[in-house]
Structures are given as C-alpha cells and as structure tokens.
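A.B. asks: Here it is, the structure, as structure tokens.
Every number in this text was worked out from the coordinates using simple rules, so none of it is lab data. Bear in mind that the values here come from a model prediction, so they are computed numbers and not experimental data. All Cβ positions, even for glycine, are placed from backbone atoms using ideal geometry, and neighbour counts span all protein chains on display.
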Amino acid sequence: MKRVLTAALAVTTLLLAGACGGNDDSTEPSGTAASSAGTASYPVTVGDLTLDQRPEKIVSLNATATEMLFAIGAGPQVTAVDDQSSFPADAPRTDLSGFKPNAEAIAAKDPDLVILSNDIDKIVAQLDRLKIPVLLVEAATDLDRTYEEIGELGTLTGHRAEADAVTTRMKADIDKIVKDVPARSTPLSYYYELDPTLYTVTSKTFVGSIFSLFGMTNVADAADPDGAKGGYPQLSPEALVKADPDTVFLADTKCCKQSPQTVAARKGWSTVTAVKSNQIYALDDDIASRWGPRTVDLVRAVADAVAKIPA
C-alpha cells in the first residue's frame, strides 16, 4: 500500500489500523502481572458494548489494538488479525482488511468479539445484524486515551489487572525517559514526516503531544491553526524550507524508503538547519503510528535524538 493513500486517510482517521509495513523485529511484549482472567466476572460493559462472557475468539482488525491485546495477556484469545497487524510476530495474521472490512469474511472466523478502528461502510451495523459484538478502538488523541483503551480491552477480555500493570509501567517509563533529557534554554523546532508528499502533524495530534513532552515546537502548526485539516496538513516544499526546522523526524522509512540521505538530497533542502546539522532521524513507521504499549519506544526515540543535540 502506498503511503500517499495512507497519508490521505490520516487526515481523518490517521492510518486507521496502523502504518503500512512488513514484519517488525522490535522487542516482543514484555510480561505482565499475574493473570486476572480466572477471577474476572461477567457481564462487563464498555461504552455501549456488554459482553455476557469472556471472549475466546477475538478478531482484531486494528493493528494498535492487536498490540494492546497481546501486551495485556489476551493473545491466546485472539484467533485472527488483519493484514496490517505485524506485531507481535506470532499474531494470527490473515488477509482480512481493516481498511475495507468485509462482514462475510469476518463472520467466517466465527468471532465472539470484533475490534475495529472505524465504522467504515457502516460495518458495525452489518456485524450487529449478524449478532457479532463490535468494539471501536479509534486512534487515540493523547496518552490518557491510550491508557483508557488498554484498560477497556482489559475489562472486556478478563485481563484488567494486566492492563492496569501495562499502563502503570508505560507511565513510569515515559516519565523517566522525559526527565532524563536535559532541559533546553531554547526549544528545538521539528518537522514530522508522514510521507514524501509532506503530509505531517501539528501539535494538536497524538504525535504532537509526544514532542510537546520535550518542549519542542512544531513548524507545521501554522499550516492548520484552527484545526480545519484535522491536525494533518500537507506542507509545500517552499513552506517547509522557509520554516527551517532544527530537526526532521521520518515516519516513512519503511513504506516510502525515506532516510536522512534521501531527505538531504531533496531539491532546495540544503539550507535547512536539520539537513546542515545532520539532525534528521529515522523512525519505525509502525511504532510511530500505533499508539499502544510501544508508544514508550516512540518517546525513547525522540528522547535519544534530542539528547544528541548540543544545548
């Protein structure tokens, strides 16, 4: 799938089920607290969804939710995931699509819970008619919503204690990572690239909130001051060069083969501070767009980059 399509979808749903990309060799989900599955009582309710018993055949068409489920110990209950759920490696990946979900194909998996990113083509109503429970786990807008979504999945799957342990660990790790980065007298500016056509994010997005932890300023904010573009504007090359960011972060290294070298070679970019100072940082596309447990890794990547830059 081309990143141009992904970036266009990002304007309204930000990658839906996660970034484009192949298998990921990042660290597998770490262990959690002792299982609470044996003590969970049903029915349980999250939003408008009530489950009378623990789901044992979960279909996840949301790459972020897939990572959350495995992190909280619900992996054994997951029987099928979409074609973008590349992490963890042992997730039961199929050709099901979260971008174009097909009710009949989903029903063929005989699920007792389906997790989606968005109600595309009124798929929720289609599954409702088939008596298949559905939970929408939309892209989080900030870290607090990520923690809430992990907790909700824990409640529904009978792993609330493990979910709480995951969020507690995430909070502690992120706090430590941020505190260990020395404060700067002058904030660094940044440009965050979703694809080579210069789709990007503003400070009002989830990604923007991560960079705000380090007091950084976003050169794209002026391109969407009132949020009319959903926080995902497309910059012109001229505007980007004129904004002259101190740093560039690439979230299109897998899908679009972008690198510090390809960016430095772009016409007119030689005058950009980030290029002149070799302050262009490649991110893992998947980690950068799946705002679940591995958000800690995204925070760490930003911290490592900032720590290298002289104050």
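A.B. asks: Multiply the residue gap between residue 278 and residue 169 by 0.36 nm, knock off their C-alpha separation, and tell me the result in nm, one decimal place. It would help to have the intermediate numbers written out before the result.
C.D. replies: On the way: separation 109, 0.36 × 109 = 39.24 nm, distance 3.33 nm.
That works out to 35.9 nm of additional length.
A.B. asks: A further question on this structure: Could you give the length gained by full extension between residue 271 and residue 48, i.e. 0.36 nm per residue of separation minus their alpha carbon distance, to one decimal place?
C.D. replies: Numbers: separation 223, 0.36 × 223 = 80.28 nm, distance 5.32 nm.
Net length gain for the segment: 75.0 nm.
A.B. asks: For helix 295-308, what angle does its Cα long axis make with the longest principal axis of the chain, in degrees from 0 to 90 and rounded to 10?
C.D. replies: 20 degrees
A.B. asks: Considering the Cα positions of the stretch 98-166, please state its Rg to one decimal place and its Dmax as a whole number of Å.
C.D. replies: Taking only Cα atoms of the stretch 98-166, I get Rg and Dmax of 13.3, 36 Å.
A.B. asks: Report, in degrees rounded to the nearest 10, the 0 to 90 angle that the Cα long axis of helix 160-179 makes with the longest principal axis of the chain.
C.D. replies: In the chain, helix 160-179 runs at an angle near 10 degrees to the longest axis.
A.B. asks: With the crude spin-label approximation of a point 7 Å out along Cα→Cβ, what separation in nm comes out for residue 95 versus residue 304?
C.D. replies: Here the answer is 3.7 nm between the modelled labels.
A.B. asks: Ok, one more. How big is D for the stretch 31-175, in µm² s⁻¹ as a whole number, if Stokes-Einstein is applied with the Kirkwood radius of its Cα pairs at 4 °C and 1.567 mPa s?
C.D. replies: Diffusion coefficient, whole number: 85 µm²/s.
A.B. asks: For the stretch 31-175, what is the charge dipole size about the Cα centre, in debye to the nearest 20, if Lys and Arg each add +1 at the Cβ and Asp and Glu each add -1 at the Cβ? Spell out each step's value before the answer.
C.D. replies: Details: 12 positive and 24 negative charges, 63 e Å.
Charge dipole of the stretch 31-175: 300 debye, to the nearest 20.
A.B. asks: If you average 1/r over all unlike Cα pairs in the stretch 137-253 and invert the result, what Kirkwood radius do you get in angstrom?
C.D. replies: Details: mean 1/r = 0.0628 Å⁻¹.
15.9 Å is the Kirkwood radius here.
A.B. asks: I need 273, 45 ordered by Cβ neighbour count within 10 Å, fewest first.
C.D. replies: Numbers: 273 15, 45 11.
Result, fewest neighbours first: 45, 273.
A.B. asks: Between residue 142 and residue 186, what is the FRET efficiency for a Förster distance of 22 Å, r being their Cβ-Cβ separation, to the nearest 0.05?
C.D. replies: About 0.30, to the nearest 0.05.
A.B. asks: With viscosity set to 1.567 mPa s at 4 °C, what whole-number translational diffusion coefficient in µm²/s follows for the stretch 182-308 from Stokes-Einstein and a Kirkwood radius over Cα pairs?
C.D. replies: 89 µm²/s
A.B. asks: Please name whichever of 227, 262, 241 sits farthest to the positive end of the charge dipole of the stretch 182-308, dipole taken about the Cα centre and charges placed at Cβ: Lys and Arg +1, Asp and Glu -1.
C.D. replies: Towards the positive end, the residue furthest out is 262.
A.B. asks: Where does helix 143-157 land angle-wise versus the long Cα axis of the chain, in degrees 0 to 90, nearest 10?
C.D. replies: Helix 143-157 sits at roughly 20 degrees to that axis.
A.B. asks: Give me the one-decimal nm value for the distance between modelled label points at residue 83 and residue 120, 7 Å along each residue's Cα-to-Cβ direction.
C.D. replies: 1.0 nm
A.B. asks: Can you count the Lys pairs in the stretch 79-228 whose Cα atoms are under 25 Å apart, with each pair 8 or more apart or on different chains?
C.D. replies: Final tally of qualifying lysine pairs is 10.
A.B. asks: Along the Cα→Cβ direction, 7 angstrom out, place labels at residue 56 and residue 179. What is the inter-label distance in nm?
C.D. replies: 4.5 nm
A.B. asks: A follow-up question, please. Placing one identical point scatterer on every Cα of the chain and ignoring solvent, what is log10 I(q)/I(0) from the Debye formula at q = 0.10, 0.12, 0.14 Å⁻¹?
C.D. replies: Here log10 of I(q) over I(0) equals -0.56, -0.79, -1.04.
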